[in-house]
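Scroll down for the structure; my scribbles are underneath it.
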Amino acid sequence: MKRQQPLPAYGFLAPFAVLFLTFTVVPVFFGIWISLNRWHVLDKAPTFIGTQNYSNAIHDDLFWFALLRTGFFVMLAVPLGNALSLLFAVALNQKFRGTTFYKLAFYIPVLLSVTAVAVLWKWLYSADWGLLNYYINLMRSWLGLPKATIAWIGDPKYAMSSIAMMSVWWGAGGNMLIYLAALKAVPKEMLEAAELDGANPWQRFWKTSIPTIKPALLFGLVMSVIAASQVFGQSYVMTGGGPAYSTLTVVMYMYQQGFGQYQLGYASAVAYLLFLVVFALTLVQFKLLGIKRT
Amino acid sequence: MLTACLVVASLLSACTPTPEASGDITEISFWNGFSGPDGAAMEQIVRRFNKENPDIRVRMQIIPWSTYYDKLTLGLAFGDPPDVFVLHANRVPEYAEHGALTQLDSYVTSSGLSESDFVPKAWIAGLWDQKRYGLALDCHPLGMYYNLKLFEEAGIEKPPVTQEEFLVAAKKLTKDLDGDGQPDQWGFAITDTHLVGTSILYQFGGGLLTPDMKQSAMDSPETRAGVDYMLKLINDYKVCPPPGASDAWMGFQTGKIAMAPQGIWMIDSLEKQKDLRYAAAPFPLMGPKKAVWAGSHNLAIPAKISARRKDAAWKLIKFLSDNSLDWAKGGQVPVRTHVLESKEFQSLPVQSQFAKQLAYVQYEPFSLLINQMGTFGDAALEGALNGSEPPSEALAKAARRVNQVLARE
């Protein structure tokens, strides 16, 4: 049989390639160029200022503060979220009636848009008539304690943790599916062999299942670190970055600089600095989990 | 989601009869963010304009304030701007400096508008570099709403004016109704950290910037005195809940807060609350000098449209200003002196009370950089009033950030 000419293949690729080039590749390089300019949206033309935006960002305490707040969010949301995903996956890997129902129930939040979730949780967190405070006070009154009002997202001390908690609820179902699929793929023979060798369920899980699903775990972890580092919608909708900057994340800061104050160059520089941080984090994770690139 | 602006287009022109020669009609667009009942009032006025000016057809587009400036700025930057638009007073410098606005001085002179028929502060609000780029349609100061029922219960006959009267009233109005040692009816509340905080700082002579706008005043003794006063209301006199702890405006609507400062634009949410008996008063005096935060809706014309469209746009601006009594009825304070003095305006209960402050209102600094620095001050107030940061640290940090931006630009 004659070998297929490459031309039609490129033809089929073209629609995607054009979109990918226009909306991803070109903006990536255009962004680097913007970050080297001072550019207020209303300026007639950008002014080239070299690396001035980068050095401004490095001397901007709010940029570092936003980076720290983002780190705090990642440290809370990623381990908690992945632990929960794994727990759900292990539970749903057991044989009992209604697994489909639970799978669906845990996964549904993932399908919601961040705006819908954020608005919903804003009500749950409301200090005055939030469901969360209602139940807490119900419990406190059973225990004979006085009423307490926690402002959740209105209090700088709790705002970021509240957002992390909500994000875990929102996202845990996604990795759950990945982990569940990986667990299902663990060969039965291996588990049976381990059982015959006298391994208890705990050992079977840690010594057999976990090493087998390690690539899936790595994937889940890396993707959630990347996603969590770019957290934006939650603080945008729920707190606007406040109170007192407590929920100011790097992407939120970038948005404020770029679309609130129209400092496009500065906002782009912030975006590229975040990219460097996330890139470094990803390399570290690859190293730590001992995955060699093949 | 960011780009998904909720655009409500009202095609007002649909109601006007179309003259035969359509070539003689200049169609202009008018953008604003009046998505509440103010939008309905504005629609009425624009409809009248369309009827009285058959050669011009105005299409009004309402874009909620939350996304308004995104769309407006991009329109001005990359083409397709509206022919007339609303610009808040303190944003005029930024747009004027970048050459995005048409200078209006010759229009103002030729149509006989003069300073004598305007509230002086509002007249200045559209100027940048001594040239006019915007014409104030109204002035919306912060004011105080108070609950008549709670005032009667506490035996207070009139709203407080002086610092002393305010404290006495606030203490009388703060009550622990269920006896758990915690007040559940508050005399006062900081309903909006920015608006209320800024007003109180102005009264103490503080604020974000020094009067010459060369450096930050956030670390000045005057600003500190204002913050200390607010902290006293919260911690010592205990007449005001810490901001952020609960929704204070909702608290006023449900009768848990007796005196709540808010803008004129909130009348509507109170009118809907049928069981609430309320009245309005000027924001009381808390510091050594009279001052209160205010803003203005300025009308502006973009730089890059044809002369014919500019003329039509100015006609609309003049009409809106001349008919600002109708705008006042929609819940605003106009800035034309003859309108303010009219019997009809004086009979509007809330609007006329808010208007009493016009002589001493204080706009935010007319600085090119206000947009970049505003959040620093708010964050400091939030941190200090919530007790999450020592006031001295929060204020020093804000001052440093403001000075950094001033030095950078």
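The values are calculated or read from the model by the stated rules, or taken from the named source; none is laboratory data. Remember, predicted model here, so these are calculated numbers, not experimental data. Cβ atoms come from the backbone with ideal geometry, glycine included; neighbour counts cover every protein chain shown.
Within the stretch B:142-192, track down each residue that is closer than 19 Å to B:Pro288 by Cα and either assigned to a strand (DSSP E or B) or without any contact (Cβ under 8 Å) to a residue 24 or more places away in the chain (or both).
Matches in the stretch B:142-192: B:Leu142, B:Gly143, B:Met144, B:Glu164, B:Val168.
Just the residues that are small (Gly, Ala, Ser), surrounded by fewer than 23 Cβ atoms within 10 Å (Cβ to Cβ) and either within 16 Å of B:Leu368 (Cβ to Cβ) or free of Cβ contacts under 8 Å to residues at least 24 places away in the same chain (or both), please, taken from the stretch B:112-130.
Selection gives B:Gly112, B:Ser114.
When you look at B:Ser116, is it modelled with pLDDT under 95, more than 14 Å from chain A (Cβ to nearest Cβ) and farther than 17 Å from B:Ala312 by Cα, yes or no?
yes
What are the residues in the stretch A:93-127 that are surrounded by fewer than 17 Cβ atoms within 10 Å (Cβ to Cβ), assigned to a loop (DSSP other than H, G, I, E, B) and within 14 Å of chain B (Cβ to nearest Cβ), if any?
A:Leu112, A:Ser113
Could you list, in sequence order, all residues of the stretch A:143-160 that are crowded, with 20+ Cβ neighbours inside 10 Å and touching a Lys or Arg at 6+ places or on another chain (Cβ under 8 Å)?
If the condition is that a residue be crowded, with 20+ Cβ neighbours inside 10 Å and touching a Lys or Arg at 6+ places or on another chain (Cβ under 8 Å), then A:Ile153, A:Met160 are the ones that fit.
Being more than 14 Å from every other protein chain (Cβ to nearest Cβ), free of Cβ contacts under 8 Å to residues at least 40 places away in the same chain and more than 20 Å from the chain's Cα centre (by Cα) is the filter here, so list the residues in the stretch A:241-294 that pass it.
A:Lys287, A:Gly290, A:Lys292, A:Arg293, A:Thr294 - these are the residues of the stretch A:241-294 that are more than 14 Å from every other protein chain (Cβ to nearest Cβ), free of Cβ contacts under 8 Å to residues at least 40 places away in the same chain and more than 20 Å from the chain's Cα centre (by Cα).
Filtering the stretch A:55-87 down to residues that are crowded, with 18+ Cβ neighbours inside 10 Å and within 14 Å of chain B (Cβ to nearest Cβ), which residue is farthest from the chain's Cα centre (by Cα)?
Only one residue fits best here, namely A:Asn56.
I need a count of the residues in the stretch B:98-123 that are among the hydrophobic types (A, V, I, L, M, F, W, C) and under 26 Å from A:Val41 (Cα atoms).
3
For (1) surrounded by 21 or more Cβ atoms within 10 Å (Cβ to Cβ); (2) not polar (S, T, N, Q), each residue gets a yes or a no:
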| site | (1), (2) |
| --- | --- |
| A:Ser162 | yes, no |
| A:Met176 | yes, yes |
| A:Glu195 | no, yes |
| A:Ile213 | yes, yes |
| A:Gly220 | yes, yes |
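How many residues are under 21 Å from A:Leu80 (Cβ atoms) and more than 14 Å from every other protein chain (Cβ to nearest Cβ) if we restrict to the stretch A:146-204?
Residues in the stretch A:146-204 being under 21 Å from A:Leu80 (Cβ atoms) and more than 14 Å from every other protein chain (Cβ to nearest Cβ): 20 in total.
Within the stretch B:377-408, can you find the residues that are more than 10 Å from chain A (Cβ to nearest Cβ), surrounded by fewer than 23 Cβ atoms within 10 Å (Cβ to Cβ) and either β-branched (Val, Ile, Thr) or in a helix (DSSP H, G or I) (or both)?
Within the stretch B:377-408, B:Pro391, B:Ser392, B:Glu393, B:Ala396, B:Ala399, B:Asn403, B:Leu406, B:Ala407 qualify.
Of all residues in the stretch B:93-127, count the ones that are outside any strand (DSSP E or B), under 25 Å from B:Thr26 (Cβ atoms) and touching a strand residue (DSSP E or B) at 6+ places or on another chain (Cβ under 9 Å).
Here the count works out to 11.
Which numbered condition trips up A:Thr149, out of (1) among the polar types (S, T, N, Q); (2) in contact (Cβ under 8 Å) with a residue 12 or more places away in the chain; (3) in a helix (DSSP H, G or I)?
It is condition (3) that A:Thr149 fails.
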